[in-house]
Each structure stands twice: as structure tokens, then as C-alpha cells.
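To start, the structure under review is shown below, and the notes come after it.
The values are calculated or read from the model by the stated rules, or taken from the named source; none is laboratory data. Just so it is clear, the model here is predicted, and its values are computed rather than measured. Cβ placement follows ideal geometry from the backbone for every residue including glycine, while neighbour counts extend to all protein chains displayed.
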Amino acid sequence: MEKTRTFIAVDFPDEVVKEVARVQGILRGRKFTGKLTELGNLHLTLKFLGEIDSETLNKVKKELGKIKIGKFEASLKEAGIFSYRKKPRIAWIKIGGKGMFDLQAAVDNAMEKCGFKKEERFMSHLTLARIKYVKSPDEFKEYVKNLKVGEIKFNVEEFKLMKSELREMGPVYETLKIYK
């Protein structure tokens, strides 16, 4: 049976993408081995489902359609780093707003009905870059932490069920369904 690699996400409006591009431009000036997130691929992952079959995919679509959360405001916050064994791996920008946590909890509850485990912790963020190597990890972490991010406010009116296809040049995303 064919399986589809899927996740549930929120996209960002143009003004957020422009600010991320600006911050990435500053980050690009810092020496590191890795990859900046393509601006066309920016999103906030509410839940990663992984490879699922068509029967599960149909259940997921149905359960997501039952979520009732009104429009809410979110905003860009500070930059930071996720590390693994004290080495920077992901540079991110935090996304603020209680509504994002409410939406993620609603998605988690809906997906639990489809057999998916609830998230142990949810960090509302967008990925700026994936880092493979940096000469001075502590200095790099401090540099990212001190990046000035414009606190852009934006409305969230929808979320999406996405398909992800991993390719040599990076992931290719396709919207399977939009939920208002």
C-alpha cells in the first residue's frame, strides 16, 4: 500500500517571510556549514505524522475537519538554537501567541483519535537554518540568541495538511487540504 509522508502546518504571510529573509541574510554572514530554510518552505509544524497509508490519511482529513478554532493573532519573537550534544543543530525564531498552542493542542487531540501519540512538548517556532558544523558552538549560539528579530504580528486563519517529498535538493511540499 502506498504511503504519504505528511505533517500539519501553518504558513506565514509575506511580511513574516520578508523578515525571515532579512534575518537569514544576517545569519548568512556568520561562518557555519549547513543550510538556510528556503523561504518558500517556511512553515510552523503543528504535528508531524510521518508515512501514513490512504486509510489513515482519510481519517486524518476527517478529524482535522472537526477542529473549530477561530482566527487568532501570532507574532515573531526571539531567535534561538536547538542543540544536540552541545552542538547547534537548528537556528529558529519563536512564534508567540496563545492561539498557536490552542491550535496545536486541538490538532494533537484530533490526531490521537487517529492513533498518533500526543506531543511531549511543543515549541512554536520556524526553522531559520539547519546547522551541520560551526567552529565555535558557544559563540554561534550567543550570536543567534542576540539576532534582532522584528516583532511582526500576523493573523492565523487556517492550517494545512501537507505532503512532504524528500529529494536530493531538499524537501518538496504539497498542500493536501486547507482547514479554515
Checklist entry - Considering only the range 124-152, how many residues are closer than 15 Å to residue 81 by Cα and exposed (fewer than 13 other Cβ atoms within 10 Å of the Cβ)? => result 9
Checklist entry - For the range 70-81, which residues satisfy the criterion of being loosely packed, with under 14 Cβ neighbours inside 10 Å and more than 15 Å from residue 152 (Cβ to Cβ)? => result 70, 71
Item to check | Which numbered condition residue 91 fails, given (1) in a helix (DSSP H, G or I); (2) farther than 16 Å from residue 9 by Cα | outcome: (1)
Checklist entry - Inside the range 123-144, can you point out the residues that are in contact with a strand residue (DSSP E or B) (Cβ under 8 Å, 6 or more places away or on another chain) and assigned to a loop (DSSP other than H, G, I, E, B)? => result 123, 124, 134
Next on the checklist: If I ask for residues that are without any contact (Cβ under 8 Å) to a residue 60 or more places away in the chain and of a type in the set (A, V, I, L, M, F, W, C), which ones from the range 123-157 would you list?
Outcome noted: 123
Checklist entry - Conditions: (1) within 18 Å of the chain's Cα centre (by Cα); (2) modelled with pLDDT of 95 or more; (3) of a type outside the set (Asp, Glu). Residue 71 meets all but one. Number of the miss? => result (1)
Checklist entry - When you scan the range 97-116, how many residues do you find that are in contact (Cβ under 8 Å) with a residue 40 or more places away in the chain and either surrounded by 17 or more Cβ atoms within 10 Å (Cβ to Cβ) or in a helix (DSSP H, G or I) (or both)? => result 11
Next on the checklist: I need the full set of residues from the range 42-100 which are among the β-branched types (Val, Ile, Thr) and within 24 Å of residue 3 (Cα to Cα), in order please.
Outcome noted: 45, 52, 56, 60
Checklist entry - Can you pull out the residues in the range 39-58 that are farther than 18 Å from residue 75 by Cα and modelled with pLDDT of 95 or more? => result 47, 48, 49, 50, 51, 52, 53, 54, 55, 56, 57, 58
Next on the checklist: Based on this model, can you work out whether residue 158 counts as over 24 Å from residue 64 (Cα atoms) and surrounded by fewer than 19 Cβ atoms within 10 Å (Cβ to Cβ)?
Outcome noted: no
Checklist entry - Here are 25, 70, 34: which of them is within 12 Å of residue 128 (Cα to Cα), of a type in the set (Gly, Ala, Ser) and free of Cβ contacts under 8 Å to residues at least 12 places away in the same chain? => result 25
Next on the checklist: Could you tell me how many of the residues in the range 101-124 are in contact with a Leu (Cβ under 7 Å, 6 or more places away or on another chain) and closer than 27 Å to residue 27 by Cα?
Outcome noted: 1
Item to check | Of all residues in the range 29-79 being part of a loop (DSSP other than H, G, I, E, B) and aliphatic (A, V, I, L, M), the one that is farthest from residue 124 (Cα to Cα) | outcome: 67
Item to check | Filtered residue count, the range 145-172, keeping only those that are within 30 Å of residue 62 (Cβ to Cβ), over 15 Å from the mean Cα position of the chain (by Cα) and assigned to a strand (DSSP E or B) | outcome: 5
